[in-house]
Structures are given as structure tokens and as C-alpha cells.
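**Q** Dropping a structure here in C-alpha cells format, bear with me for questions.
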Amino acid sequence: MKTIKILLVAVLAIFISSCHHTSEPLYIQQKITQLNTVIAPWQKDNDLLPWKGVNHMDIINSVADVYDTQTEKFIEANPNWLNVDFTTKSIISVRTILVSSNYWQATKVRSFSLFVGDQDYHMIKGDYYLVVEEQFSSYDDPEDEDESQYRIYQVAFVTDKVPSDARIKMNWDLNITPESK
């Protein structure tokens, strides 16, 4: 009888330890320091932020990476990028298109987190999740199509070291301030 009790306790212990504990977080928030958002004309070959495609992301882990991913004009205007301690920090930058620039107010990095679960719908352990919010004063579909309002812009932030080959999933939130009546 004693052997059966020990066996039951062992089976119960294995069962309990194999369950996912819902109190354990799936994401660990990373500390960030947002850098200046930079906006350039909608010219694919401009000398400040050349076009690299929609939501082009760079993980910058050295001064050499800064020079490889940014233009000389950008570095002159943002020399603080060269002062980051790349032994412990990384810069994450996202370059994309800004539509309705007349109504744009701000872009803010809402959160940057490390996924520590085993696997989720589109995340695997070690992936990062980035949420960026764009703030506009109003929104009008026809004006959204007006290419004269298009700009290229880059949002960036400093965080703890991120591997150069890390996978970062990104979500853009749109926040439109209602017009006063």
C-alpha cells in the first residue's frame, strides 16, 4: 500500500509540474528609451532617410551598424546614436511611410517585450514583440491617398542587447483624436 501511495504522489507531482502555470508571464517587458522620430521627404533616394520599404527594421548592435544602416546626413543630425554603449544595448529602428502627414501628431513606442512562452499563435520562445502607436488629429480616406502628404519616417529606441538575428513581430496601433465640434 505504501508503494502505491508513493507512486500516486510521484504521478501527481509529474502531472502538476507539466501544467502551464497561468501566473507565469508569457512576455517580459523590456526597458526602452525612445529616440527622436525623424521625418524626410517622400523621395526614395533622399539623403536623410532613403526608402528601404514598408516597416523596414534594423537591429543595430555596433557603431559600424549605425554607419551601415544610416546616412551620413542622418548621423550628423543624430550623433547620440554613436554614443550608445553597444556592449550592453541595441538600437531598434523601423523605417516606413507616413501618410496624412498634415494630420500626424506623434509616433510612440508603446511596448517592447520578449516572449518567454514555449509557442503561441505566431510567436516562439525568444521572439520579441514591438507595439508602435501613431497619433493623428483626424483621418480621411481620400486625403490618405494624397501622395503629396506622404513622407518617409523612422522611429527608433534603445533597449538591452538584442541578438542581431532576433525575430521581432511588430504591431502598429492607430490613434485618431476626434475633432472638436
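**Q** Bin width 5 Å, alpha-carbon pairs only: give the P(r) of the range 19-169 as whole percents, running from 0 to the bin holding the largest distance.
**A** 2, 8, 17, 19, 18, 14, 11, 7, 3, 1, 0, 0
**Q** Please list, ordered by chain and number, the residues whose modelled amide H lies under 5 Å from the amide H of M170; skip anything fewer than 5 residues away on the same chain.
**A** Residues meeting the criterion, in which the H sits 1.01 Å from N, are L130.
**Q** Based on C-alpha coordinates, I'd like the Rg and Dmax of the range 68-141, in Å.
**A** Radius of gyration, then largest Cα-Cα span, for the range 68-141: 16.6, 45 Å.
**Q** Hey, for a label at H122 modelled as a point 7 Å past Cα toward Cβ, could you say which residues of the range 38-63 have their backbone N under 16 Å away?
**A** Residues passing the 16 Å test: 54-57.
**Q** Which of the GluC sites (Glu not before Pro) found in the range 89-167 are loop residues per DSSP with 16 or fewer other Cβ atoms within 10 Å of their Cβ?
**A** Here the GluC sites (Glu not before Pro) that fit, given the DSSP loop and packing criteria, are E145.
**Q** Apply the Debye scattering formula to the range 44-110, with a single equal point scatterer on each alpha-carbon and no solvent, then give log10 I(q)/I(0) at q = 0.16, 0.18, 0.21 Å⁻¹.
**A** The Debye formula, applied to the Cα set alone, gives -0.63, -0.79, -1.03.
**Q** Another question about this same structure. Considering amide H positions built from the backbone, and no H for Pro or chain starts, which residues 5 or more places from L35, or on another chain, come under 5 Å of its amide H?
**A** A156, F157, V158
**Q** Work out from phi, with θ = phi - 60° and the Karplus expression 6.51 cos²θ - 1.76 cosθ + 1.60, the ³J(HN,Hα) of each residue of the range 112-124, listed in order in whole Hz, and give x for Gly and Pro.
**A** Each residue of the range 112-124 in turn: 9, 9, 9, 7, 10, x, 6, 6, 10, 2, 10, 10, 10 Hz.
Quick note: the coordinates plus some simple rules give every number you see, no bench work behind them. The structure presented is a predicted model; accordingly, all values stated were derived computationally and were not measured. Cβ coordinates were reconstructed from backbone atoms using ideal geometry, including for glycine residues, and neighbour counts include every protein chain displayed.
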